[in-house]
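Just below is one structure, and these are the notes that go with it.
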Amino acid sequence: MKVSGYSGILGRPGMALASAAVLTVLCGCTVQPPGGDDAKGRSPVHVDLPDSTTPGGTAGTTTAGTPAPAPSAVETVPPHIVFTRGDTGTGVRELQARLRQVAWLFDGPTGTYDDLTAQAVKGFQGKRGLPRTGETDAVTWRRLVRMTHEPGKWELYLMGGQPAAAPDPRCLTGRVLCISKTSRTLRWMIDGRTVSTMSVRFGAQYTPTREGVFHVYWKSRHHVSTLYHSSMPYAMFFSGGQAVHYSYDFAARGYAGGSHGCVNVRDEAAIADLFAQVRSGDKVVVYW
């Protein structure tokens, strides 16, 4: 074989290796990017390697019939899970608030990743073509965040559970029901020590809960309002007809509703325990 311009080289003894290299370049078997190796220092790309995967072929086979390389670590690592069943905390509360914004969750926020939350996440995932796992992975979380706004405090604590405000100085001595309108919480305190804390709801605009210092003057376990004919279990009266009591409506609707001036509690177990401890004459402080 004679290649114009290279006949002298090809005809010399001992130059077979050099001639093969020259032929390779001339025949185009190697794809060389302009200017040699690319900007990151990678070697030229060889397009005629015998073990390269056939484009459009079946995954796991190669043109030479040898097994394809194992998937990379990026392909095999499962998606990062942000929240899952049983998780609790403010992060879960934000997830639930955002799910409420897009009408996939109607309960809460409670701060606990329960079955209702998992079902809401499944629905959200399925609607957007994501795997319906019920777990909030990074992809699901990013998609939800893009579709919603950052929830405010009202949205985060629609069903209660917010941190209690610092106790009023008038709550620091004796036995006191210390009730903050700012944080919407009730602290049961004895000699400055908080025994228990619970979420509460107050009166509506035209029937506000009175503020000040009062005392429990009557307890009624199965009380029914004679004015509104509504049930007021575990009622502890402190000012006229206003009392601290359990509210079925608060338990069901959260802060979407309001009372006629009473201090509503949504946790029945908590107020049942409180009712057993509070005595007539104990102080009640309602403050902002």
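Please treat every number below as a calculation from the coordinates, not as lab data. What you are looking at is a predicted structure, and each value in this text was computed from that prediction instead of being measured. We place every Cβ from the backbone using ideal geometry, glycine too, and count neighbours over all the protein chains shown.
Rg and Dmax of region 207-288 over Cα atoms: what are they, in angstrom?
Cα radius of gyration and Dmax of region 207-288 are 11.9, 32 Å respectively.
Tell me, 288, 188 in order of fewest to most beta-carbon neighbours within 10 Å? Walk me through the intermediate numbers first.
On the way: 288 9, 188 21.
In increasing order of surrounding Cβ atoms, one gets 288, 188.
Work from the charge dipole of region 103-205 (Cβ charges, +1 for Lys and Arg, -1 for Asp and Glu, about the Cα centre) and give the residue of 134, 189, 103 farthest towards its positive end.
103
Binning at 5 angstrom from zero up to the longest distance, how are the C-alpha pair distances of region 132-288 distributed in percent?
Cα pair-distance distribution for region 132-288, in percent: 2, 9, 18, 21, 18, 11, 7, 5, 5, 4, 1, 0.
Would you kindly calculate the mean projected area, averaged across all directions, of the convex hull enclosing the Cα atoms of region 81-156, in square nanometres? Show your work: numbers first, answer last.
Numbers: hull surface 16.7 nm².
Average of the hull's projected areas for region 81-156 equals 4.2 nm².
Where the centre of each part is set by its Cα atoms, how far does region 245-259 sit from region 265-285, in angstrom?
Result: 17 Å between the Cα centres.
Ranked by Cβ crowding within 10 angstrom, fewest neighbours first, how are 177, 95, 156, 130 ordered?
Details: 177 24, 95 28, 156 19, 130 16.
Starting with the residue having the fewest Cβ neighbours, the order is 130, 156, 177, 95.
Given +1 on the Cβ of Lys and Arg, -1 on the Cβ of Asp and Glu, and no further charges, what dipole in debye does region 116-220 carry about its Cα centre, rounded to the nearest 20?
260
How high is the FRET efficiency between residue 196 and residue 253 when r is their beta carbon distance and R₀ equals 35 Å, given to the nearest 0.05?
The formula returns an efficiency of 0.90 here.
Take residue 146, project a point 7 Å from its Cα along the Cβ direction, then tell me which residues of region 117-136 have their backbone nitrogen under 16 Å from it.
124-131
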